[in-house]
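The values are calculated or read from the model by the stated rules, or taken from the named source; none is laboratory data. Because the structure is a prediction, the values reported are computed rather than measured. Cβ placement follows ideal geometry from the backbone for every residue including glycine, while neighbour counts extend to all protein chains displayed. Please note that ligands, DNA and RNA were not included when accessible areas were found on the heavy atoms of the full protein model with its side chains. Shrake-Rupley method; radii C 1.70, N 1.55, O 1.52, S 1.80 Å.
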Amino acid sequence: MEGEMTPEEMEKKKQMVLSTCTCKSCPSWVECDEAGGYCFAPIGKSACITEEKGCICGGCPVYAQMDLKHGYYCTKGSEKEQAGM
Ligand code: SF4
Ligand code: SF4
């Protein structure tokens, strides 16, 4: 999916994901120099979140918009990664 996007479209999508992401309200959130958006393959896993204390991705607008199926993107990797793509 992302592979068909131009760099400009990719950047636009990344900014949309980051500005909509609800990870900062999640019980698993750890404050570091990250901004969420872990479901999006070019961002991927978190380097600072390691403990799974709940995931609120299912209620995030990006989840519906991008037709996501998984969760715990911060610890398990992006939608693509978890889908084995
Ligand atoms: S689905 Fe989860 S990781 Fe993706 S933007 Fe929303 S809250 Fe963040
Ligand atoms: S990916 Fe899910 S578990 Fe991880 S911080 Fe975001 S909402 Fe929480």
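Within the range 1-72, the GluC sites (Glu not before Pro) that combine a DSSP coil assignment with at most 14 other C-beta atoms in a 10 angstrom radius are GLU31, GLU51, GLU52.
Using 0.36 nm per residue and subtracting the Cα-Cα separation, the extra length available between GLU81 and LEU18 on full extension is 20.8 nm. At a probe radius of 1.4 angstrom, the accessible area of the chain per residue rounds to 59 square angstrom. Do any trypsin sites (Lys or Arg not before Pro) in the chain lie in a DSSP loop with no more than 10 other beta carbon atoms within 10 Å, and if so, which? Hits after loop and neighbour filter: LYS53, LYS69. In whole percent, how big is the carbon plus sulfur part of the accessible area of the chain, probe 1.4 Å, protein atoms only? Ligands and nucleic acids excluded, carbon and sulfur give 53 percent.
Just checking the listed ones, SER28, SER19, SER46: in the Gaussian network model of the chain with Cα springs under 10 Å, the one fluctuating most is SER19. Using C-alpha pairs below 8 Å separated by at least 6 residues, the relative contact order for the chain is 28 percent.
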